[in-house]
Structures are given as structure tokens and as C-alpha cells.
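What follows is one structure encoded as C-alpha cells, with my remarks underneath.
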């Protein structure tokens, strides 16, 4: 449900953990339009989400930088080559538009809908002070399972940047180097592929406001495009090995590696520590890291804490 706002979402079949869905109208798939543009037709389906689900909080939770609310009132999400539009209808009901079959394949995992966040909040309820306030304030947040390639570049780019500046930089990369998709109502640029970024001139990358991060992004793109870094195979590694492998990359330190692992690989036992989290550890937990006590859900609690510290 959404708290005090319009709802929105998608699903594919009944989900006891997070919601249920009924398939409605089918259109078609992606179609190539010229050499550089694609157009997309849709499957439209009504969905009900029974679990915590607040799209405005998700968009403002500091984990995703391209989803947005468009003029139609729908919420647009992009991951890889897939687009999703969610229209809230009220009382946990949504209308979802995406390519046929992609709700189950892409968007259900993306929103972590197999996990009950309501149960998670109840499991950790009763804590004193900041922790309980954060769980209450952040009700509706979900940790998104995003594209690892996009997360790698995004969090390299994010270093020493504000959230608005990160959004601007990521959007510029997409607009200048990514595939254009005609949705029927707007033209949307996908995030550029490793090959597209690897082929980009350094000066063109710098024009996206990357600054000293330009070299790091070039190296990452070249490594992934050449196969020297296989992002799919990293998904098979245990947490600590995954972090170590990511930190072999130029410009990837502990915080960036943890962000990529959490938001790109779904490693919810990992809790990235950025400026906001470091501040709350000092100010609200007497300098003691609170996250080890949350075990496999530490990264999810980190999102509640981050959101409350930044917005509460």
C-alpha cells in the first residue's frame, strides 16, 4: 500500500508474499525503427500489491536515479532494455504497462516482490529511538534489484556528488550514448551498453560532468565490453568475494562495491556506508555500527535509516 499518496505497481500472477495480478490486454513487443531507434508496444495488466509499496518513497530513497513520475501521472522505470509504466488506481490497485512476459521475468524481481517488507518491519519492531522511527517513516520503501552494469557505472559516477547531480550525470550518459526507444508517448534513452560507453571519446564523456571519474568509467566500460570483467559470473560469488572482485576495478572502493552488490546483485546482508550513514552512526548510535545485528537484512534496514536521516 502507499501511505497518503496515490499507489502504483505491477505483477504477473498471484503472489502470496507481496500481491496478486490479473492479466488483461496484450499488445506486442519491441520493434526496431531505423538504425538507432526502437518503438515499444505494451501488455497492459491490472495489479494489486498487498505489501508495503510507496513509489514516491522508492524514487526518493537514493538507490535509483532514472525512475520518475511522468506527466501522465504514471511512474516510469527503466532497467536494461526494459521499460515499465505504473499507474496507481487507489487501494493498492495499479495498472502496469510493460513488454509481454517481462512483469514476471524482470519487474517482479526488480521490486523484490517475493519478500514481505511488512513482515520485515514487524519483525524488527519495538526497537528504541532512531531505528523504530526509521522503520515507521520509511514504510513503503523497497530495495530494488537493478542492472549490475548500470549500478557499476552509476555508483562510480556518484562519488562526491549530490543525488540531483548523480541523476543529471546518469541521464546525460543515457541521452548521449544510449539506444532511443519510442514508447508511443515519449522518446526514452536506455542506459548505454558497455560497448557504447567503451567507444565514447573521453571529451564526450567529460561533457557529461564526469570529471575525474571519466577515466574510471572508461576503464570499467572497456573491461566489461572486452569480457575481462564478466558481471554475470560475479553473481555466483559469495558476498566477500564479490566485493573483492569489484574493488579490483579502478575507482571502485568499499562504498561503491557495497552499493553495486546491494542494488545490482541483491546482496541484502551488505549495508553501504556513505556520508549519511556515517553521520547517523555517529549521531544516533553513539558511534556503533548498528547493521551487523540485522544479518541478512542489513542492507534493507540501511535503506530505511538512510531515507529517514536524509528526509525525516
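Filtering region 174-205 to residues that are in contact with a strand residue (DSSP E or B) (Cβ under 9 Å, 6 or more places away or on another chain), surrounded by 15 or more Cβ atoms within 10 Å (Cβ to Cβ) and either free of Cβ contacts under 8 Å to residues at least 24 places away in the same chain or assigned to a helix (DSSP H, G or I) (or both) leaves 174, 176, 177, 178, 189. Residues of region 243-283 that are under 25 Å from residue 66 (Cα atoms) and loosely packed, with under 12 Cβ neighbours inside 10 Å: 275 alone.
Is there any pair linking a residue in region 276-289 that is under 11 Å from residue 306 (Cα atoms) to one that is at pLDDT below 95 and loosely packed, with under 15 Cβ neighbours inside 10 Å, with Cβ under 9 Å and at least six apart or on different chains, and which? That search, which allows pairs on different chains as well, returns nothing.
Condition check ((1) under 22 Å from residue 76 (Cβ atoms); (2) in contact (Cβ under 8 Å) with a residue 12 or more places away in the chain) across all residues:
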residue: 128; (1), (2): no, no
residue: 131; (1), (2): no, yes
residue: 137; (1), (2): no, yes
residue: 142; (1), (2): yes, yes
residue: 154; (1), (2): yes, yes
residue: 160; (1), (2): no, no
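Taken over region 206-242, the residue count meeting the criterion of being assigned to a helix (DSSP H, G or I) and exposed (fewer than 13 other Cβ atoms within 10 Å of the Cβ) is 5. Exactly one residue out of 122, 145, 213 is at pLDDT 95 or above, out of contact with any strand residue (DSSP E or B) (no Cβ under 8 Å at 6 or more places or on another chain) and farther than 21 Å from residue 253 by Cα: that is 122. Residues that are part of a loop (DSSP other than H, G, I, E, B) and over 25 Å from residue 312 (Cβ atoms) within region 126-158 comprise 145, 147, listed in sequence order.
The values are calculated or read from the model by the stated rules, or taken from the named source; none is laboratory data. The shown structure was predicted, so the numbers you read here are calculated from the model rather than taken from an experiment. Cβ coordinates were reconstructed from backbone atoms using ideal geometry, including for glycine residues, and neighbour counts include every protein chain displayed.
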